[in-house]
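The next block holds one structure in the form of structure tokens; read it before the comments.
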Amino acid sequence: MNNMGLEEYKGVFIYAQQVDNELSSIAFELIGKAKELAKDLGTDVTAVLLGSNVKGLTDELGEYGADKVIVVDNPELETYRTEPYAQALAAVINEYKPEIMLVGATAIGRDLGPTVSARVATGLTADCTKLEIGDFPINAVPGKEDEQKHNQLLMTRPAFGGNTIATIACPDNRPQMATVRPGVMQKLPKEAGRKAEVIEFNPTLEKNNRYVDILNVVKAVGNVENIMDAKVLVSGGRGVGSKENFKMLQDLADVFGGMVSCSRAAVENGWLAQDYQVGQTGKTVRPQIYFAIGISGAIQHVAGMEESDLIIAINKDEDAPIFSVADYGIVGDLNKIVPALTEALKAEMK
Ligand code: FAD
């Protein structure tokens, strides 16, 4: 694609992921962010819904803020497969020419986003944690003032194992594509009865040699509970010392009806499953209360929890970095503090 056609591309589009005809939370989070971007650009937000018998989901997308919903409803799209989904999303982009296309960095989105960006010959920034509209300098020549390209999507993501933060733009191609980490952007409150304009689009999906046939779907018996939904998280790290000691953290979580989560060190020690890991290679959480217990506060851990409303850290090392993001810090041995705190809270809540 050349520069000439860039201005033809308008609007902020999001991929409204559904699985088993249920919209994923990321769809609403992306709409929330897209609304902000669209406001800055003076445009509107379109959700792209792909699936089979999914028309019933359009109302919910409208209620969460989508101005338009483009639906591709086709039996070929019943279960996620790369080829028909990539064909459908690429067809939507080629037909409706969005300026920005956001996809969740879920297992599906990490497959779909890059496949589609290659097909529509544009760039994609993966696993973004921040998106904003701004100026981007181009043709940087030493000693000469930079020329700025205005109204670009600035896509920010951790790089080099979380040791640096990179902001990336895509000034010469459209759409500007990003995958976005689940749990980072905030959904808007649901506005009952708010309607989106629904556009039905039926591109031809061509069976080719990249098509796979699904013979059988075997669902993993996953954890039904998700730490991203918990209002209170009691998170433990290497300092907790053993799997058995996590019982102490569960007791504290139970006082609030909360959940236990952990650092990567706890997963590596086999104390909790990876589903419970918070951080850059785990989940991004923003509970009302986050207890960080025996967690040092490495940058990769903090990246996943720093947006929590209230952070309470318990650590025997008063210089532990976790204290710099904590609202309250308790210095001491967690083996004494956690049971005492649990008892005190139980007494208080009686
Ligand atoms: P430690 O750093 O060992 O800290 C243990 C803490 O417990 C110490 O501060 C210690 O003072 C305290 N302590 C010990 N005993 C007690 C006691 N009795 N009472 C009170 N305090 C006590 N980490 C994540 O968590 N999530 C991620 O998603 C993640 N992704 C990563 C991605 C990459 C590419 C890399 C390179 C690393 C990643 N890490 C991640 C690992 C991260 O760098 C840290 O190694 C990890 O977070 C450390 O876990 P921790 O805080 O539990 O352990």
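At-a-glance table
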{"quantity": "Inter-centroid distance (Cα atoms) of the range 56-103 relative to the range 247-318, Å", "calculated": "35 Å"}
{"quantity": "Note, ³J(HN,Hα) from phi for the range 22-33, Karplus 6.51, -1.76, 1.60, rounded to Hz, x at Gly and Pro", "calculated": "10, 5, 7, 3, 4, 4, 6, 4, 5, 4, x, 5"}
{"quantity": "The chain: translational diffusion in µm²/s, Stokes-Einstein, Kirkwood Rh over Cα pairs, 37 °C, 0.692 mPa s", "calculated": "149 µm²/s"}
{"quantity": "Structure-based [θ]222 nm, the chain - -39500 (n - 2.57) summed over DSSP H runs of at least 4, per residue, nearest 500", "calculated": "-7500 deg cm²/dmol"}
{"quantity": "Pairwise label distance in nanometres, ASP172 with GLU244, each label 7 Å out on the Cα-Cβ vector", "calculated": "6.3 nm"}
{"quantity": "Chain lengthening between LYS130 and ARG110 when straightened (0.36 nm per residue, less Cα-Cα)", "calculated": "5.5 nm"}
{"quantity": "Net charge dipole size for the range 35-96 [Lys, Arg +1 and Asp, Glu -1 on Cβ; Debye, nearest 20]", "calculated": "60 debye"}
{"quantity": "Under 5 Å, built H, 5+ apart or other chain: amide partners of VAL180", "calculated": "VAL103, GLY104, ALA105, ASP127, CYS128"}
{"quantity": "Stretch gain in nm, segment ASN163-GLU307, where the contour uses 0.36 nm per residue and the Cα spacing is subtracted", "calculated": "50.0 nm"}
{"quantity": "Charge-dipole axis of the range 302-341 as Lys and Arg at +1 and Asp and Glu at -1 on Cβ define it, positive-most pick from LEU334, PHE323, ALA303", "calculated": "LEU334"}
{"quantity": "FRET efficiency, 1/(1 + (r/R0)^6) with R0 22 Å, evaluated for ASP40 and LYS231 via beta carbons", "calculated": "0.10"}
{"quantity": "Farthest toward positive dipole pole in the chain [+1 Lys/Arg, -1 Asp/Glu at C-beta], among ILE293, GLY279, LEU112", "calculated": "ILE293"}
{"quantity": "For the range 98-103, 3J(HN,Hα) per residue [Karplus equation, 6.51 cos²θ - 1.76 cosθ + 1.60, θ = phi - 60°, Hz, x = Gly/Pro]", "calculated": "x, 7, 10, 10, 9, 9"}
{"quantity": "Long-range amide H partners of GLY329 with built H, under 5 Å", "calculated": "ALA313"}
{"quantity": "Label-point gap, in nm, between TYR211 and THR79 - each point 7 angstrom along Cα→Cβ", "calculated": "1.6 nm"}
{"quantity": "Lys, Arg +1 and Asp, Glu -1 on Cβ, resulting dipole of the chain about Cα centre, debye, nearest 20", "calculated": "420 debye"}
{"quantity": "Distance (nanometres) between label positions extended 7 Å along Cα→Cβ at ASP254 and ASN202", "calculated": "5.7 nm"}
{"quantity": "Placed amide H near LEU188: partners under 5 Å, 5+ positions off or other chain", "calculated": "GLY32"}
{"quantity": "Zone residues, the range 244-272, relative to LEU345, backbone N less than 15 Å from point 7 Å out along Cα-to-Cβ", "calculated": "246-262"}
{"quantity": "Karplus (6.51, -1.76, 1.60) ³J(HN,Hα), θ = phi - 60°, over the range 54-65, in Hz, Gly and Pro reported as x", "calculated": "10, 4, x, 8, 5, 4, 5, 5, x, 5, 8, x"}
{"quantity": "Dipole axis of the chain (+1 Lys, Arg; -1 Asp, Glu on Cβ), positive-most option in ALA253, CYS128, PRO182", "calculated": "ALA253"}
{"quantity": "Counting DSSP beta bridges with both ends in the chain, the antiparallel % (nearest 5)", "calculated": "25 percent"}
{"quantity": "For the range 220-350, average projected area of the Cα convex hull in nm²", "calculated": "7.5 nm²"}
{"quantity": "Stretchable slack from LEU188 to ALA273, in nm (0.36 nm times residue separation minus alpha-carbon distance)", "calculated": "27.5 nm"}
{"quantity": "Set of aspartates and glutamates with alpha-carbon distance to LYS55 below 16 Å, sequence-local pairs under 8 removed", "calculated": "ASP20, GLU22, GLU63, ASP67, ASP73, GLU76, GLU78, GLU197, GLU200"}
{"quantity": "By accessible area with a 1.4 Å probe, ligands and nucleic acids excluded, highest first: order of PHE136, PHE160", "calculated": "PHE160, PHE136"}
{"quantity": "Percentage of interatomic Cα-Cα distances in the range 1-156 larger than 24 Å", "calculated": "32 percent"}
{"quantity": "Label-reachable residues, the range 167-196, where backbone N falls under 17 Å from a point 7 Å from VAL19's Cα toward its Cβ", "calculated": "180-184"}
{"quantity": "Spread of Cα-to-Cα distances over 5 Å intervals beginning at zero, given as percent, for the range 1-54", "calculated": "4, 19, 21, 18, 15, 12, 7, 2, 0"}
{"quantity": "Filter on LYS149/LYS195; LYS187/LYS247; LYS97/LYS149; LYS130/LYS316 - keep pairs with C-alpha separation over 25 Å", "calculated": "LYS149/LYS195; LYS187/LYS247; LYS130/LYS316"}
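The values are calculated or read from the model by the stated rules, or taken from the named source; none is laboratory data. The model shown is predicted, which means the values in this text are computed figures rather than measured ones. Counting neighbours? That spans all protein chains shown, and the Cβs are built from the backbone with ideal geometry, glycine included. What goes into the accessible areas is simple: the full protein's heavy atoms, side chains included, and nothing from ligands, DNA or RNA. Shrake-Rupley method; radii C 1.70, N 1.55, O 1.52, S 1.80 Å.
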